[in-house]
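The values are calculated or read from the model by the stated rules, or taken from the named source; none is laboratory data. All of these numbers come straight from a predicted model, not from anything done at the bench. When we count neighbours, we look across all protein chains shown, and the Cβ atoms used for this are built from the backbone with ideal geometry, even at glycine. The area values use the complete protein model at the heavy-atom level, side chains included, leaving out ligands, DNA and RNA. Shrake-Rupley method; radii C 1.70, N 1.55, O 1.52, S 1.80 Å.
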Amino acid sequence: MSFLKIDRLLAITMLLLNRKRISAMELSERFEVSLRTVYRDIEAINQAGIPIASYAGLNGGYEIMDQYRLERQYLSLEELQSIIIGLKGIRSTVGDQEVGSLLDKVGALVAKSEHHAANNQLIIDMNPWRQGTHDKEKLNMLRTAIKDSKQVSFQYISSQSEQSIRTAEPMSIVAKGFGWYLYGYCLLRENFRVFRLSRMKEINVLSQTFERKTETIETLQHGWGNHEPHSLITLILHAQPNVQAQIEDYFQPKQIDYQPDGSMMITATQPDEPWLHGMLLSFGPSLRILEPPHIAAIIKEKAEKIVQLYSNH
């Protein structure tokens, strides 16, 4: 038996293990072989001890008996389900055929009768609300550059709205919070940087290759919540009851002190960075900054500018 046929038989088996029923015609088109070859393949799989049932009629086709599964060996059902859930989350974002193929193989280790238990218990959707096909193209382009160790160039706008042209040695793609980020070595800054995908435009994979540096995102931990003590401030906030849900979304329970009137006192340590001002402003008049005074002054100034902007109309 040729290697090509063995590979096809395994692929058909994986497919049948992950599908309720599939027709001979679909198998023929998927693997680009004749119907006669499909019939022979199904017979060969049956002879190998994998029970495939055949159904005639309009909705007919082949399916593997419900209780059959491949030997899981060292992985429990719960562990396999966790892998499947994670892979589905990744596939929803990047639409990668390799991820889909891996999902088929891992799914084949779970009996059909066990699939339903995992389908709806936990769903991971890593798509940001705004993501479209353009963002998937960005992700796949950057993944190719990382795989081939090629530099990338792109236009970038910082959180302070400063625009620049960057060339970077891409190292990792990270999903964090509500978006995707590229982690790599920036040739302009001559240091490691984290770039938000939504702020990257005109991405080009260059012909120049690079030797991947030994540092990893785990060892450098650049820009991921590891702030110097002097850059941290202690916020003391007073929030009204109507923003309780938003307060609990952002702050930890131990940071919130609920008052008898339903309001909340929040004490939290945060980095003194521009994004913090926008977050505090988002609560509008339902949040008062008690400490530190300079943050309260910044929010007041921004609020006054907003009033001026609309007072001219």
Report, in listed order, any pair from K147/K213; K201/K300; K254/K302; K20/K136; K201/K305 with a Cα-Cα distance greater than 24 Å. K201/K300; K254/K302; K20/K136; K201/K305
How much accessible surface does E248 have with a 1.4 Å probe, in Å² rounded to 10? 80 Å²
So if each residue of separation counts as 0.36 nm, and I subtract the Cα-Cα distance between E301 and S23, what length gain in nm does that give? 93.3 nm
How much FRET efficiency would the formula 1/(1 + (r/R0)^6) give for Q308 and H238, where r is the Cβ-Cβ distance and R0 is 25 Å, rounded to 0.05? 0.45
If you stretched the chain out fully between R199 and S161, how much longer would it get, using 0.36 nm times the residue separation minus the C-alpha to C-alpha distance? 12.7 nm
Would you mind pulling out the separation of the Cα centroids of the stretch 272-288 and the stretch 231-262, in Å? 12 Å
